[in-house]
Amino acid sequence: MSSETQTPARRRLFVLLPLLVFLGLAGLFLSQLLSGRDTSEIPSALIGLPAPQTNLPPLEGSNLPGLDSKSFAGKVTLVNVFASWCAPCREEHPVLLALSGDKRFTLAALNYKDQPENARRFLGDLGNPYRAIGVDPAGRAAIDWGVYGVPETFVIGKDGKIAYKHVGPLTPESARDLLLPQIEKALASPG
């Protein structure tokens, strides 16, 4: 073959290659969309494992205990990761206040990378749903918990193991449809 006949073939390949790559990627994305899988769900490697050993100091001035994983034994505990600077945390706060009325479980908090005065102001303005608040100023404990960002909420079973993790702000619908069924399962299981 002469170099003149190879040039048009190379040009066609050069033009078709990006189109073929695009079609391949489009097919992959379409198959993911049509799979029915919840793409907003972020799996946690900690589900079914004991909650990380945590002993965080209390939020000063709150008159509540800190967050201690030893206190999880024998009861169902929700651990909510929040910060005063987190806008979605403000959005979910009414849901947490409503959940705090249910005395079958304990609602505890991990205050993430926050200033104590800001956290106290946040809770003073919006109300305090928590029975314990542990302060994690550097975010080291949150790493142990596998926190991606705030807010996140964990259901800890009576056996001290993580039963469920909700990433993002709780809404009335997600609390009713996702969180409460997990709490019910944790309450029903032996501790």
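Coordinate-derived values only; no laboratory data. Here the structure is a predicted model, which is why all the values come from computation and not from measurement. Every residue, glycine as well, gets a Cβ built from its backbone with ideal geometry; the counts of neighbours run over all protein chains shown.
A few comments on the model shown:
- Dividing the convex hull volume of the alpha-carbon atoms in the chain by its residue count gives 181 Å³ per residue.
- From helices alone, the chain scores -12000 deg cm²/dmol at 222 nm; the rule is -39500 (n - 2.57) for each run of n ≥ 4 DSSP H residues, then divide by the residue total.
- For Ile156, net neighbour charge (Lys/Arg +1, Asp/Glu -1) across residues whose Cβ lies under 11 Å away: +3
- Tilt relative to the chain, helix 116-126 - C-alpha long axis, 0 to 90 degrees, to 10: 80 degrees
- Added length on full extension, which subtracts the Cα-Cα distance from 0.36 nm per residue, Leu187 to Leu28: 53.2 nm
- Relative to the dominant Cα principal axis of the chain, helix 3-33 is inclined by about 30°.
- Here the contact order of the chain, divided by its residue count and restricted to Cα pairs under 8 Å and six or more residues apart, works out to 26 percent.
- Cβ charges +1 (Lys, Arg) and -1 (Asp, Glu), total dipole of region 55-188, debye: 380 debye
- Cα long-axis angle, helix 87-99 against the chain (0 to 90 degrees, to the nearest 10): 50 degrees
- Calculated P(r) tail over 25 Å for region 81-191, as whole % of Cα pairs: 17 percent
- Extension gain for Lys75-Leu17 works out to 15.0 nm (0.36 nm per residue, less the C-alpha to C-alpha distance).
- Fewest-first sequence of Lys158, Lys70, Lys75 by Cβ atoms within 10 Å of each Cβ: Lys70, Lys75, Lys158
- Spatially close lysines, pair count over the chain: Cα under 14 Å, gap of eight or more or interchain: 9
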